Amino acid sequence: MGLSALLSGALACATGPREVALRAPSGAAEGGSAARACESACVCERARAAGAGEFDAWVFCGEAARAMGDSAARLRSSRSFADAIELAELGVVFRREGQAREELLALQTTEPARYAGLAVLELEAYRRERTPERFAAARQQLRGALTEQAAEERALAGMVLLYLLRAAVRPSDLEFADVLCRQRTIETASLATVCARVSYARRDPIRGGELYERALARDPEHFPALLAWGEALLRVNDNEGARLRFESAARARSPAMRYEALLGLGVARARLGERDAAERAYRAAWAAHERLRHGWPKSQASKEATGDALPAALLFNLGTLLARAAEPEKRREGAALLRRYVAHADADVERLPRVQQTLEGLASAVPSR
């Protein structure tokens, strides 16, 4: 049995019979914490017990040091661009970019694998910082990777993404990204996925949908395509279509991608009026984020602990859902989450008045214990 067959257990396990016997994650909010602990523990145990392979189980469960050590050893042996990209992506997911960069810089300067891996790190740095220096560094590494035929389409996908990101401040880059997409026949899922994002950004959902379909025809488990397509469908209120894509994307081994897919699934379910299913999805997203944080370096985890460790989007969505529940206990938990949202550094200022209004209504309607 492969790992993908195990991942669908996350939602079912979140309300499984073992939850009462498990301790909640440290610092978890009151209510639902046992279910989150259950999702993390039982799914990880299943992954390790089945024939999924140790490496996949390490990634799924947030055992970052082991996963990156194994990936780095394979790169030293293979010198392949695929292993270089995998190591870099693990570094990004688990916030260990420095460790990945050190391994990549040990490769010869002429090796395409070095360019490919460093391009992933520089793309992520530009996504966070959006400075001209970061843009130039990412473009330099991508140009180096383009010289290797085996890595050409993956590098081109990175180049398209780079210009798509800069289009937020330089709109003409969106058209240039589209030109890059149309200059050749798209053969890989990675290039089809990023070009689909370009099409949706250009308000061409027909071509965007066709490209996502092409990506999944090339690789039915290309989780970035499923996740991005689900997000695009949410934006146009195709909530049933989004639900289907997010459910598939939630099978990803990466806890970062799994978190995003489960969060999106919760939004889609809530819009469809499926409140209980939405709550299960949000709680499973919470558990996935716990696995993700488990893989962060201690210094990063300590830094996060000074603020709220949960993402603002999860606090808002789960808090808002629970605030509307019939059960007083759930409404109290919803109020606690929304208060955390108000204090969160990433809270959306446009949402704050509505959240404050909800909290005032809850204070008068829900008796304190």
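The values are calculated or read from the model by the stated rules, or taken from the named source; none is laboratory data. Just so we're clear, the structure is a prediction, and the values are computed from it rather than from any experiment. Note that we place each Cβ from the backbone using ideal geometry, even for glycine, and neighbour counts take in every protein chain shown.
For the reader, a short list of remarks on this structure follows.
- Test result for S26, among the polar types (S, T, N, Q), surrounded by fewer than 19 Cβ atoms within 10 Å (Cβ to Cβ) and modelled with pLDDT under 50: yes
- A250 vs. criteria within 22 Å of S190 (Cα to Cα) and in contact (Cβ under 8 Å) with a residue 24 or more places away in the chain: yes
- Looking at region 220-318, the helices (runs of 4 or more DSSP H) lying wholly inside it that each contain 1 or more residues that are modelled with pLDDT of 95 or more and among the β-branched types (V, I, T) sit at 255-271.
- Put simply, of A312, A287, A256 the only residue that is under 30 Å from E221 (Cα atoms), small (G, A, S) and surrounded by 23 or more Cβ atoms within 10 Å (Cβ to Cβ) is A287.
- Evaluation of G208 against (1) within 19 Å of R182 (Cα to Cα); (2) of a type outside the set (A, V, I, L, M, F, W, C); (3) assigned to a loop (DSSP other than H, G, I, E, B) (one fails), failing number: (3)
- Residue check, T188 touching a Pro at 6+ places or on another chain (Cβ under 8 Å) and surrounded by 17 or more Cβ atoms within 10 Å (Cβ to Cβ): no
- Of all residues in region 204-233, those that are within 18 Å of Y259 (Cβ to Cβ) have Cβ atoms under 7 Å from Cβ atoms of residues that are outside any helix (DSSP H, G or I), 6 or more apart or on another chain, in F223/A252.
- When region 142-161 is filtered for residues that are more than 23 Å from the chain's Cα centre (by Cα) and either outside any helix (DSSP H, G or I) or surrounded by fewer than 23 Cβ atoms within 10 Å (Cβ to Cβ) (or both), the ones remaining, listed by number, are R143, G144, L146, T147, E148, Q149, A150, E152.
- Unique match (being under 22 Å from L123 (Cα atoms) and over 18 Å from the mean Cα position of the chain (by Cα)) among V236, V198: V198
- Counting only residues that are among the small types (G, A, S), under 20 Å from the mean Cα position of the chain (by Cα) and farther than 20 Å from R154 by Cβ, region 55-97 holds 5 of them.
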